[in-house]
Amino acid sequence: MSVATAAVSLLLAALLVFTALRKLSHRPEVVATYTRVGVPEERLNLLAALLLAGAAALVAGLWWRPVGIASAAALVAYFVLAIGAHVRARDAANAYMPAVYLLLVLVTLVLFTV
């Protein structure tokens with residue numbers, strides 16, 4: 001396992017945990033962001049759980065590469081769908097954050113596979 005793989009995976013995992021905790025907070029500004037793109041508040045806990053599982057699997061992938069690859073691949077799907085939700089809701093101006101996460105996930109996926 002390369003230092004780059006570990007560094008990017010751990011950074012991404014930390015960012016995913018942060019994002020999951022924001023969703024779990026159910027603060028009005030967070031809820032408003034997701035409501036704007038068509039995600040009801042009751043789904044935030046599920047989305048947070050998916051992100052926490054992804055973060056845990058990325059860290060586990062540092063010891064067992066197939067788990068890291070599977071996690072990164074699933075997170076690619078998650079963030080592609082998130083970008084799609086923003087585009088569908090005509091909120092493309094706010095799709096930059098999921099796009100940044102997608103870029104980090106793609107870098108992580110590549111690092112896991114080399």
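The residues in region 9-37 that are within 11 Å of LEU62 (Cβ to Cβ) and touching a Leu at 6+ places or on another chain (Cβ under 6 Å) can be counted, and the count is 2. Do we find that ARG65 is under 30 Å from VAL114 (Cβ atoms) and among the basic types (Lys, Arg) in this structure? Criteria met by ARG65.
Within region 85-114, residues that are under 17 Å from MET1 (Cα atoms) have Cβ atoms under 8 Å from residues that are surrounded by 12 or more Cβ atoms within 10 Å (Cβ to Cβ) and charged (D, E, K, R) in these pairs: PHE112/ARG65, counting only partners at least 6 apart in sequence or on another chain. Inside region 75-101, can you point out the residues that are loosely packed, with under 12 Cβ neighbours inside 10 Å and outside any helix (DSSP H, G or I)? Selection gives ARG90 alone. Among the residues making up region 35-68, those that are within 26 Å of VAL87 (Cα to Cα), among the small types (Gly, Ala, Ser) and surrounded by 14 or more Cβ atoms within 10 Å (Cβ to Cβ) are ALA48, ALA53, GLY54, ALA55. So, GLY38, is that one over 26 Å from SER2 (Cβ atoms), out of contact with any Phe, Trp or Tyr (no Cβ under 6 Å at 6 or more places or on another chain) and not in a helix (DSSP H, G or I) or not? Judged against the criteria, GLY38 is a match.
Quick note: the coordinates plus some simple rules give every number you see, no bench work behind them. Values in this document were obtained by computation on a predicted structure and should not be read as measured data. For neighbour counting, all protein chains shown are included, and Cβ atoms are generated from backbone atoms with ideal geometry for every residue, glycine included.
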